[in-house]
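*Asks:* Below is a structure I'd like to ask you about.
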């Protein structure tokens, strides 16, 4: 791998070494002891400097116009191939994502830029014919983007690009688990000679993130992560009603399999949904609900598959699933499954923690439906299997969740598709496909504890703006009003 040297925060177009702050390090979860990948420093004082740089640059960036902004982002896009491998290697080293997945994530930076450019006319439309003015979309100003560890570059980029294209400036903070991936992303902007101050990035722990989201000059926040952290962000910004706080907070995503499903299709899609990225996706399949005619066969097939699949070396291009993102994540996952068993869940395939890193095997538990863990996002390779009495019971079970991000139905019946849509709250509804694999060209986000505002996907340009009615009269023109003319003694 290329040189790993902490370069500091990216502020005003340059990397700036921190003056002080708290030291922290990212660690390779594919190693037994968690070998250090990058030693970094988080300086809370850098937040003020980064926000000041972004605020200074914002008005000129907005007034530069859309075409200039597109040109600047296309310069970034052109440099993506030269940076893809460096970014991918950082992702794999820091959070254990299989290298093939990591390369796809890194390469997706370019596609996201092109996709948002194409979306803008549809998501920020003009006023209807006959309106007495323009419908404009005003940038929020300085926007904070707080990224997660599971997609450490994609889930920065997916918010940064639409935010920049709509005339905002950005201060991004990567996860403390993946500072090298964040640094590699900033290096891409530096290499493209991106306008100074328009994109900034600061490193740090929770105190850095807290200072950034509560900063009075930050006008928008986009956060991807846990419900608990999202709740704290809402509390911290409660007295800042001017600030748009967009939260994507995960899910507990069900896959419902009816008697008329194609069982081969359902098994494959459930495996992809549950095990890609070692289950560390907000859209991961974590619950399977089956009706009586298919339940026995589906359970047997899933047990066989879960027993066969084991984690491997994420640096191997053939690896399907690697370790969890950290040794701490492995320990929490194992403890959560112990709690599920204590609540009555029956292990059909038991989890095993493997030597050599933060490795766990996939697990499959049979549940009754009332277990407390069914309302918790475990964030690992695990599925809870439920048997329903019939279709309506299956839909009721799938809807019984505080989350509502993604849901899948496997069935040949079009009427069941519509009933599922009516009864199961979810921001992403999938028919005969995995709960994973959302498209950036469509809305993305959830209901309930899964978040608000649909901060990713096609609605991102709207979330980065507020609508404005812009009306203009010719200089000297007077609005006709006969009664006023009479009072003033003027002719109409």
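Readers should treat all values here as calculations from the given coordinates under stated rules, not as data from a laboratory. None of the values given here were measured: they were computed from a predicted structure. Note: ideal-geometry Cβ built from the backbone for every residue, glycine included; neighbour counts use all protein chains shown.
*Asks:* Give the angle, between 0 and 90 degrees and rounded to the nearest 10, that separates the Cα long axis of helix 292-308 from the longest principal axis of the Cα atoms of the chain.
*Replies:* 90
*Asks:* In what sequence do 332, 63 fall when counting other Cβ within 10 Å, fewest first?
*Replies:* 63, 332
*Asks:* Now for a separate question. Per 10 Å bin, what is the whole-percent P(r) computed from every C-alpha pair distance within the range 253-443?
*Replies:* P(r) over the range 253-443, rounded to whole percents: 10, 40, 36, 13, 1.
*Asks:* Still on this model: Give me the one-decimal nm value for the distance between modelled label points at residue 468 and residue 308, 7 Å along each residue's Cα-to-Cβ direction.
*Replies:* 5.9
*Asks:* Sticking with this structure for a sec: Before anything else, pin down the relative contact order of the range 218-296: Cα pairs under 8 Å, at least 6 apart, normalised by residue count, whole percent.
*Replies:* Values: 96 pairs, mean separation 25.8, N = 79.
Relative contact order of the range 218-296: 33 percent.
*Asks:* Report, to the nearest 10°, how far helix 227-236 tilts away from the longest principal axis of the Cα atoms in the chain, using its own Cα long axis and a range of 0 to 90°.
*Replies:* For helix 227-236, the angle is close to 30 degrees.
*Asks:* Packing-wise, with mean Cβ within 10 Å as the measure, how do 199-211, 12-24 rank, highest first? Intermediate results must be reported in sequence, preceding the final value.
*Replies:* Numbers: 199-211: 23.2, 12-24: 14.8.
Most protected by this proxy first, the peptides run 199-211, 12-24.
*Asks:* Still on this structure: I'd like to compare 351-358, 399-406: which one has the highest average count of other Cβ atoms within 10 Å, and what's the full order after that?
*Replies:* Ranked from most to least packed, the peptides come out as 399-406, 351-358.
*Asks:* Over the Cα atoms of the chain, what Rg and Dmax result, in angstrom?
*Replies:* For the chain, the Cα radius of gyration and maximum Cα-Cα distance read 24.7, 93 Å.
*Asks:* With just the Cα atoms defining each centre, how far is the range 65-136 from the range 150-174? Give it in Å.
*Replies:* 9
*Asks:* OK, next. Using alpha carbons only, how many angstrom separate the centre of the range 228-276 from the centre of the range 286-338?
*Replies:* Taking the Cα centre of each part, the range 228-276 and the range 286-338 sit 18 Å apart.
*Asks:* Something else: Given R₀ = 22 Å, what would the calculated FRET efficiency be for residue 263 paired with residue 390, taking r from the Cβ atoms and rounding to 0.05? List each step's numbers first, then the result.
*Replies:* Details: r = 18 Å, r/R0 = 0.82.
The formula returns an efficiency of 0.75 here.
*Asks:* Right, next: What angle, in degrees between 0 and 90 and rounded to the nearest 10, separates the Cα long axis of helix 414-423 from the longest principal axis of the Cα atoms of the chain?
*Replies:* 70
*Asks:* What ranking, highest mean first, results for peptides 136-149, 455-468, 116-129 when packing means the other Cβ atoms within 10 Å averaged over each residue?
*Replies:* 136-149, 455-468, 116-129
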